[in-house]
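Below: the structure, in structure tokens.
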Amino acid sequence: MEIFQAYTAMVRGVVTMERVETFSAAHRLHSNQLSEEENQRVYGKCNNPNGHGHNYVWKVKLRGIPDPETGMVYDLAELKKDMKTVLDTVDHKNLDKDVEWFQVGVYT
């Protein structure tokens, strides 16, 4: 699901723009450095071997002085494309198994 907000606040020539996206993904809180019992004690139900899901809100906020030729701080179409690249990787995925960036360490 996409939520889009763009706004400008001219403060000494600085413009702020924000894009908001949402996505859903699953993960499991688990440390390979702990025993199964320790993982269960530390992470409780979030250590379920099948994982659990969340709905995430991802906000990107950019501030800057607009380009005199384009009037833009950053091209909104490019920002949408950049964010889509990430969303295509994480949306409706198991972060532990499907997303390379999350396969190192324990993240919360």
Condition broken by Phe23, with the remaining ones in (1) in a strand (DSSP E or B); (2) free of Cβ contacts under 8 Å to residues at least 60 places away in the same chain; (3) hydrophobic (A, V, I, L, M, F, W, C) satisfied:
(2)
Those residues of region 66-108 which are closer than 30 Å to Gly13 by Cβ and touching a strand residue (DSSP E or B) at 6+ places or on another chain (Cβ under 6 Å), in sequence order:
Pro66, Val73, Tyr74, Leu79, Met83
Residues of region 87-98 being under 12 Å from the mean Cα position of the chain (by Cα) and over 12 Å from His54 (Cα atoms), in sequence order, are Leu87, Asp88, Thr89
Of all residues in region 83-97, count the ones that are modelled with pLDDT of 95 or more, surrounded by 14 or more Cβ atoms within 10 Å (Cβ to Cβ) and assigned to a helix (DSSP H, G or I).
5
Consider Tyr74 carefully, then state whether it is under 22 Å from Thr16 (Cα atoms) and not in a helix (DSSP H, G or I).
yes
Could you please find all residues in region 43-81 being surrounded by 12 or more Cβ atoms within 10 Å (Cβ to Cβ), in contact (Cβ under 8 Å) with a residue 40 or more places away in the chain and either closer than 23 Å to Val106 by Cα or of a type in the set (S, T, N, Q) (or both)?
Gly51
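The values are calculated or read from the model by the stated rules, or taken from the named source; none is laboratory data. Quantities reported herein were computed from a predicted structural model and do not represent experimental measurements. FYI the Cβ positions are ideal-geometry reconstructions off the backbone, even for glycines, and counts take in every protein chain you see.
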